Amino acid sequence: MDIMNVIRENGVVPVVVLHDAEHAVALADALAGGGLRCAEVTLRTPAGLEAIRRICAERPEMLTGAGTVMTVEQAEAAVKAGAQFIVTPGLNEPVMEYCIANDIPIFPGCMDTYAIEKAIAAGLRTVKFFPAEPAGGLAMLKALAAPYGDLSFMPTGGISAANLAEYIAFERILAVGGSWMCRADMIDAGNFDEIRRLSAEASDIVRTVRA
Ligand code: 3PG
């Protein structure tokens with residue numbers, strides 16, 4: 001599986017905050033049922049690691065990564081649990097270097113030229129733009145992207161069905177990240193039908209913009 005291609009094809013990487021690992025597989029099924037066959041499961045809850053383990057074991061066709069990774073130990077544990085990519089909120093150099101050394105796709109959060117140039121110097125071709133909307137949204141991203149011709153971006157933070165189309169239309173975006181289709185309150189309530197509906201809506205928007 002070419003992970004970058006899978007992420008590009010999906011166009012949207014759901015950002016998951018799970019409080020109960022029992023919900024993990026049903027959540028994966030709801031996302032995939034709506035056409036989103038990847039997820040970034042954050043390690044900001046104690047259930048995150050076990051959720052990654054369950055999705056990877058029971059739904060191996062789903063591309064599953066770990067988010068909110070802050071330490072090399074967390075990255076190692078996530079990879080051991082099956083995570084196929086790593087996302088960090090900021091430019092976490094030890095985690096970035098660990099991932100590069102071990103051939104694990106890493107999307108470090110960058111919101112300025114300083115962080116972007118460190119990521120490029122380390123050899124990366126794609127970074128997360130975070131937090132996308134508070135940092136200036138698409139206008140900021142376009143200005144930031146201009147000097148770095150072959151760098152692509154995964155903007156995350158404040159994206160929803162309302163602004164997804166305009167992000168996806170920018171060709172320098174590999175995919176967007178976001179939690180709007182799988183908010184923690186919907187997962188906690190077991191509202192998987194709504195998660196499937198919102199995932200399908202997101203997939204449709206991506207398909208329509210790219211058609
Ligand atoms: C996060 O880390 O929570 C992500 O940036 C998701 O942001 P969102 O909830 O605004 O989509």
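Any idea which residue in the range 178-197 is farthest from the ligand (Cβ to nearest atom), counting only those that are assigned to a helix (DSSP H, G or I) and surrounded by fewer than 18 Cβ atoms within 10 Å (Cβ to Cβ)? Ranking the qualifying residues of the range 178-197, first place goes to Asp193.
Residue selection: Asp185 fails the criterion of being free of Cβ contacts under 8 Å to residues at least 60 places away in the same chain and closer than 30 Å to Ala101 by Cα. Using the structure shown, decide if Glu201 is under 24 Å from Asn5 (Cβ atoms), touching a residue at least 60 places away in the same chain (Cβ under 8 Å), away from the ligand (no atom under 11 Å from the Cβ) and acidic (Asp, Glu). For Glu201, the condition - under 24 Å from Asn5 (Cβ atoms), touching a residue at least 60 places away in the same chain (Cβ under 8 Å), away from the ligand (no atom under 11 Å from the Cβ) and acidic (Asp, Glu) - is met.
Of the residues making up the range 101-148, those that are under 23 Å from Val41 (Cα atoms) and in contact with a Lys or Arg (Cβ under 8 Å, 6 or more places away or on another chain) number 4. When restricted to residues that are out of contact with any helix residue (DSSP H, G or I) (no Cβ under 8 Å at 6 or more places or on another chain) and not charged (D, E, K, R), the range 142-162 contains 8. Reported count of residues in the range 142-163, each being closer than 16 Å to Leu36 by Cα, more than 9 Å from the ligand (Cβ to nearest atom) and within 14 Å of the chain's Cα centre (by Cα), is 1. Against the test of being surrounded by fewer than 17 Cβ atoms within 10 Å (Cβ to Cβ) and under 13 Å from the mean Cα position of the chain (by Cα), the options Ile100, Ile3 yield a single qualifying residue, Ile3. Filtering the range 33-54 to residues that are away from the ligand (no atom under 14 Å from the Cβ), of a type in the set (Gly, Ala, Ser) and surrounded by 18 or more Cβ atoms within 10 Å (Cβ to Cβ) leaves Gly34, Gly35, Ala47, Ala51. Exactly one residue among Ala115, Ala162, Ala119 is of a type in the set (Gly, Ala, Ser) and either surrounded by 23 or more Cβ atoms within 10 Å (Cβ to Cβ) or in contact with a His (Cβ under 6 Å, 6 or more places away or on another chain) (or both), and that residue is Ala119.
Just wondering, is there one or more residues in the range 70-82 that are of a type in the set (Gly, Ala, Ser), touching a residue at least 40 places away in the same chain (Cβ under 8 Å) and touching a strand residue (DSSP E or B) at 6+ places or on another chain (Cβ under 7 Å)? Scanning the range 70-82 turns up no residue that is of a type in the set (Gly, Ala, Ser), touching a residue at least 40 places away in the same chain (Cβ under 8 Å) and touching a strand residue (DSSP E or B) at 6+ places or on another chain (Cβ under 7 Å). Checking the stated criteria, Ala169 turns out to be among the hydrophobic types (A, V, I, L, M, F, W, C) and either surrounded by fewer than 21 Cβ atoms within 10 Å (Cβ to Cβ) or under 15 Å from Asp112 (Cα atoms) (or both).
Could you list, in sequence order, all residues of the range 155-177 that are outside any helix (DSSP H, G or I) and hydroxyl-bearing (Ser, Thr, Tyr)? Passing the criteria: Thr156, Ser160.
Of all residue pairs spaced 6 or more apart or on separate chains, those with beta-carbon atoms under 7 Å, a first member in the range 127-150 that is closer than 11 Å to Asp112 by Cα and of a type in the set (Gly, Ala, Ser) and a second member that is assigned to a loop (DSSP other than H, G, I, E, B) and away from the ligand (no atom under 15 Å from the Cβ) are Ala145/Leu151; Ala145/Arg172.
Taken together, the values in this text are just the output of simple stated rules run on the coordinates, not laboratory data. Small disclaimer: the values here were computed from a predicted structure and weren't measured. Reconstructed Cβ throughout: ideal geometry from the backbone, glycine too, with neighbour counts over all protein chains shown.
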